[in-house]
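Okay, structure first, notes after.
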Amino acid sequence: MQRALELFRTAQFNLVVADDDFPEVESLGILNDLRAARGLVPVVIVGSSDIETGAQKIKGKSQVVYYEKPIDIEEFTEMVEGLVRGKG
């Protein structure tokens, strides 16, 4: 995780995708670390929680989307492209 934050601080990213089910890492902690490092970059949190639970996790967070697994690749791609273009 620390290496990912180092890369995020030094490289240019248009979007971050984080897995909410990653062991021993809390996605909102990742989000807070990313925002502290570089400010407002669109973030997609992908997880197995239902969408209502996911929505509660990101409530009040700007430019953050919770996407429930399993991923529909066409829908996910469209959503990501919209975020990168600033329409998400």
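Values in this text are rule-based calculations from the coordinates and carry no lab data. Quick caveat, the model's predicted, so the values are computed rather than measured. Counting neighbours? That spans all protein chains shown, and the Cβs are built from the backbone with ideal geometry, glycine included.
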Got a sec? Charge dipole of the chain, +1 on Cβ for Lys and Arg, -1 for Asp and Glu; which of Y66, M79, I30 is way out at the positive end? I30
In which sequence would L40, L34 go, from the one with the fewest C-beta neighbours within 10 Å to the one with the most? L40, L34
Cβ-Cβ cut-off under 10 Å around N32, Lys and Arg +1, Asp and Glu -1: the net charge is 0
Whole-Å semi-axes of the ellipsoid equivalent to the stretch 2-84 (Cα gyration tensor, √5λ, descending): 20, 15, 12
In debye to the nearest 20, the charge dipole size for the chain, taken about the Cα centre with +1 at each Lys and Arg Cβ and -1 at each Asp and Glu Cβ, equals 620 debye
